[in-house]
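Scroll down for the structure; my scribbles are underneath it.
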Amino acid sequence: MRRVGIVSLDVDLHAHAVAKCLRERFNCSAHVFCVDQAHRETVVTWAQGQGLITDYNGETLDLSSIDVLWWRRANQPQSPSDLLQEEAVHAFVSAEWRFALSGLWAACFRGVWVNDPRAEMWATGKQVQLDAAAKVGFRVPKTIISNDPDQVRNFSRSLGGRIIIKKIAGAPGMQLATVPIDISQYDDDSIRLAPSVYQELISAKAHYRVVALGDKPIFIEIISSELDWRRGISARPKVVRVDDALIDRTKRLIRNLGLKMGIADFVIDQNGDVVFLEVNVQGQFLFLDGIGDIDTTTACAEFLASVSEPIQ
């Protein structure tokens, strides 16, 4: 029986839903490790190269016995509790658990990573993604990532002022939409405060959210003219068939980023051209099951139940 570990948060529906599906439909032993609850419910031991850890249900496992590890939501701070009321104590305990757990997995896990943490760290770079997408043949938006006011203003002028601003990474608890901006409304100090992603404004007809699971990317069409489709969907999302060239480019992009899975976003412009936007290495997808006739839960479980090295 294949043993699958899922590293995530206590409230992550993805982790628990996929674990349930793995047990019930694919005859796998699935174990969720809630890193944000570690100080309450996790017991770990490392000695002489052996690593032991308790899962969400209190079962103790030898890390070397796990075949696949879904690195869903890792390196998270501990959730608030009565034991961690002081800010300094919370920061200390969170750091100790973060490094203890990451060291434990790195030293003792011998199975298939989904995804390898080192690859994820590299692949999250917006610059890396845009370069990789262009190299496999995708059209990418004209882009500048900068905090130089002169460079940003020149970029805006070159596009007739039709630009958007996007965060590079963001911060926990901050939901920031991608929006058009008039750069003349921002003073130099505001632009200089931190680098941001500035891109040409692309008029959207529809969007693709692609749940790329190994060699089986699922293209989900979202009809919305909004730049950020989360602000308004005009029809139920649906799985669509796309041409082989688009599938091949997507598979090569994910592979070239060193990933086994990723959630990719594309926009379809008014001419019907597909434009790459970004890859979220562990992005959200389960919400699509609830608003469309889609079953990404089973697709993800099937992938974890069968993934091996390497993805071709």
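The values are calculated or read from the model by the stated rules, or taken from the named source; none is laboratory data. As the structure is a prediction and not an experimental result, all values here were calculated from the model. Cβ coordinates were reconstructed from backbone atoms using ideal geometry, including for glycine residues, and neighbour counts include every protein chain displayed.
If you check Ser79, Ser29 for being of a type in the set (Gly, Ala, Ser) and under 18 Å from Cys300 (Cα atoms), only one passes: Ser29.
Scanning region 251-260 for residues that are out of contact with any helix residue (DSSP H, G or I) (no Cβ under 7 Å at 6 or more places or on another chain) and buried (at least 22 other Cβ atoms within 10 Å of the Cβ) turns up Ile254, Lys260.
Yes or no, residue by residue, for (1) assigned to a loop (DSSP other than H, G, I, E, B); (2) within 17 Å of the chain's Cα centre (by Cα):
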{"site": "Arg236", "(1), (2)": "yes, no"}
{"site": "Thr250", "(1), (2)": "no, yes"}
{"site": "Ile263", "(1), (2)": "no, yes"}
{"site": "Gly272", "(1), (2)": "yes, no"}
{"site": "Ala305", "(1), (2)": "no, no"}
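Beta carbons closer than 6 Å, at least 6 apart along the sequence or on distinct chains, pair a first residue in region 25-47 that is surrounded by 14 or more Cβ atoms within 10 Å (Cβ to Cβ) with a second that is at pLDDT 95 or above and of a type in the set (Lys, Arg) for Cys28/Arg2; Ser29/Arg3; Ala30/Arg23. Annotation: Ile145 fulfils all but one of (1) without any contact (Cβ under 8 Å) to a residue 60 or more places away in the chain; (2) loosely packed, with under 15 Cβ neighbours inside 10 Å; (3) of a type outside the set (Lys, Arg); the unmet one is (2). Among all residues of region 190-202, there is at least one that is among the aromatic types (Phe, Trp, Tyr) and either in contact with a strand residue (DSSP E or B) (Cβ under 9 Å, 6 or more places away or on another chain) or part of a strand (DSSP E or B) (or both).
If I filter region 55-97 down to residues being in a helix (DSSP H, G or I) and touching a residue at least 24 places away in the same chain (Cβ under 8 Å), which single residue comes out as nearest to the chain's Cα centre (by Cα)? Residue satisfying both the conditions and the ranking: Trp97. Report yes if His39 is more than 19 Å from Arg2 (Cβ to Cβ), outside any loop (DSSP other than H, G, I, E, B), out of contact with any Ser or Thr (no Cβ under 8 Å at 6 or more places or on another chain) and of a type outside the set (D, E, K, R), otherwise no. Spelling it out, it is not the case that His39 is more than 19 Å from Arg2 (Cβ to Cβ), outside any loop (DSSP other than H, G, I, E, B), out of contact with any Ser or Thr (no Cβ under 8 Å at 6 or more places or on another chain) and of a type outside the set (D, E, K, R).
Residues that are in contact (Cβ under 8 Å) with a residue 40 or more places away in the chain, outside any loop (DSSP other than H, G, I, E, B) and acidic (Asp, Glu) do occur in region 112-128.
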